[in-house]
Amino acid sequence: MTRILLLGGTSEASALARALAERGDDAIFSYAGRTGTPVAQPLPTRVGGFGGVAGLVEYLRAEAITHVVDATHPFAAGMSANAVAACDRAEVALAALERPEWRAGKGDDWTRVRDIVGAVAALPDSGARVFLAIGKQHVDAFTAKPGNFYLLRLVDPPETPLPFPDCAIEIARGPFDVASDEALMEAHGITHIVAKNSGGTGAEAKLTAARALALPVVMIDRPATPARRVLNSVGAVLDWLGHGADRGV
Ligand SMILES: NC(=O)c1ccc[n+]([C@@H]2O[C@H](COP(=O)([O-])OP(=O)(O)OC[C@H]3O[C@@H](n4cnc5c(N)ncnc54)[C@H](OP(=O)(O)O)[C@@H]3O)[C@@H](O)[C@H]2O)c1
């Protein structure tokens with residue numbers, strides 16, 4: 001009997017959830033609980049952390065999970081590492097649904113950095129108007145350069161004021177389109193964009209808009225994840241699940 005735990009939080013996870021529901025597969029969808037208004041899923045859904053590797057092992061056993069699909073965001077490195085360790089310990093099959101990275105093309109002006117600290121260092125010390133397209137986590141690091149203006153785009157309004165003297169908030173949920181992203185950047189006089197190399201189509205519009213407006217992008221590379229089986233499409237995951245998916249990387 002196949003029973004799937006789908007670790008979500010991305011549009012690809014939602015697409016996979018729809019496909020599993022259509023097939024009538026026995027699956028549970030899991031959200032971290034970061035947003036107050038998560039997208040409703042056509043699968044039984046649980047919300048909140050498992051309590052580290054030990055908590056996840058316990059959950060996998062209690063729910064008799066046979067397969068885990070990690071469709072979390074490429075920057076959710078903690079959850080992904082926990083999934084590898086817990087599936088190994090509980091002897092549960094694991095695959096990651098991972099979207100390919102974005103690559104700079106003709107007309108792009110990217111500075112690639114390893115992490116948030118590198119992104120802060122890559123910005124001018126003051127006078128820049130920065131579209132901080134990285135969600136709400138880690139924005140505090142940019143207080144090291146308070147002389148810049150920061151535009152944040154968030155799913156939920158922040159519970160506490162942003163820690164910048166000069167900033168603006170756009171409340172919106174992707175997917176985003178190029179025309180709206182161009183208009184947003186022009187309206188705020190943006191001079192720099194900071195982005196995570198998430199890949200996928202839902203958040204790609206800002207990069208196309210940056211190219212059109214000849215704006216520089218500070219691109220944060222993905223964090224490393226332990227070795228695991230990686231599949232690049234919903235169809236590949238369905239095939240894997242449908243063919244007595246084995247363990248291993
Ligand atoms: N990081 C981003 O840029 C980003 C962007 C868009 C969406 N997201 C989504 O937001 C969620 C949190 O991302 P993050 O970067 O904070 O992750 P993270 O740092 O890797 O995870 C921190 C902890 O949150 C819990 N967690 C994360 N994803 C979970 C899930 N799908 N179900 C249950 N618990 C989960 C786990 O808690 P326990 O240790 O207690 O199990 C995990 O150890 C993920 O679902 C991710 O797909 C993240």
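The values are calculated or read from the model by the stated rules, or taken from the named source; none is laboratory data. Computed from a predicted model, the values in this text were never measured in an experiment. Note: ideal-geometry Cβ built from the backbone for every residue, glycine included; neighbour counts use all protein chains shown.
Could you run through segment 27-66 and say how many residues are closer than 15 Å to Cys87 by Cα and small (Gly, Ala, Ser)?
6
Looking at Gly174, is it of a type in the set (Gly, Ala, Ser) and surrounded by 15 or more Cβ atoms within 10 Å (Cβ to Cβ)?
So Gly174 passes the test.
Matching residues to (1) surrounded by 20 or more Cβ atoms within 10 Å (Cβ to Cβ); (2) in a loop (DSSP other than H, G, I, E, B); (3) without any contact (Cβ under 8 Å) to a residue 40 or more places away in the chain:
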{"site": "Gly36", "(1), (2), (3)": "no, yes, no"}
{"site": "Arg46", "(1), (2), (3)": "no, no, yes"}
{"site": "Val69", "(1), (2), (3)": "yes, no, no"}
{"site": "Gly78", "(1), (2), (3)": "no, no, yes"}
{"site": "Arg99", "(1), (2), (3)": "no, yes, no"}
{"site": "Val117", "(1), (2), (3)": "no, no, yes"}
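Could you tell me which residue of segment 5-34 is nearest to the ligand (Cβ to nearest atom), considering only residues that are within 24 Å of Glu159 (Cα to Cα) and surrounded by fewer than 17 Cβ atoms within 10 Å (Cβ to Cβ)?
Arg34
Output the qualifying pairs, or none if there are none: Cβ atoms under 9 angstrom, residues six or more apart or on different chains, first residue in segment 145-169 and under 20 Å from Ile116 (Cα atoms) and of a type in the set (S, T, N, Q), second residue modelled with pLDDT under 95 and surrounded by fewer than 13 Cβ atoms within 10 Å (Cβ to Cβ).
Once the first residue is under 20 Å from Ile116 (Cα atoms) and of a type in the set (S, T, N, Q) and sits in segment 145-169, no partner that is modelled with pLDDT under 95 and surrounded by fewer than 13 Cβ atoms within 10 Å (Cβ to Cβ) comes close enough.
Restricting attention to segment 163-221, which residues are outside any loop (DSSP other than H, G, I, E, B) and in contact with a His (Cβ under 7 Å, 6 or more places away or on another chain)?
Ala168, Val218, listed by residue number.
Here is a list of conditions, (1) part of a loop (DSSP other than H, G, I, E, B); (2) near the ligand (Cβ under 9 Å from one of its atoms), and Thr2 meets all of them except one; can you say which number that is?
Here Thr2 clears every test but (2).
Select from segment 80-92 the residues that are surrounded by fewer than 20 Cβ atoms within 10 Å (Cβ to Cβ) and near the ligand (Cβ under 9 Å from one of its atoms) and list them in ascending order.
Residue satisfying the conditions is Ala81 alone.
Taking Arg99, is it basic (Lys, Arg) and either more than 12 Å from the chain's Cα centre (by Cα) or more than 28 Å from Arg211 (Cβ to Cβ) (or both)?
no
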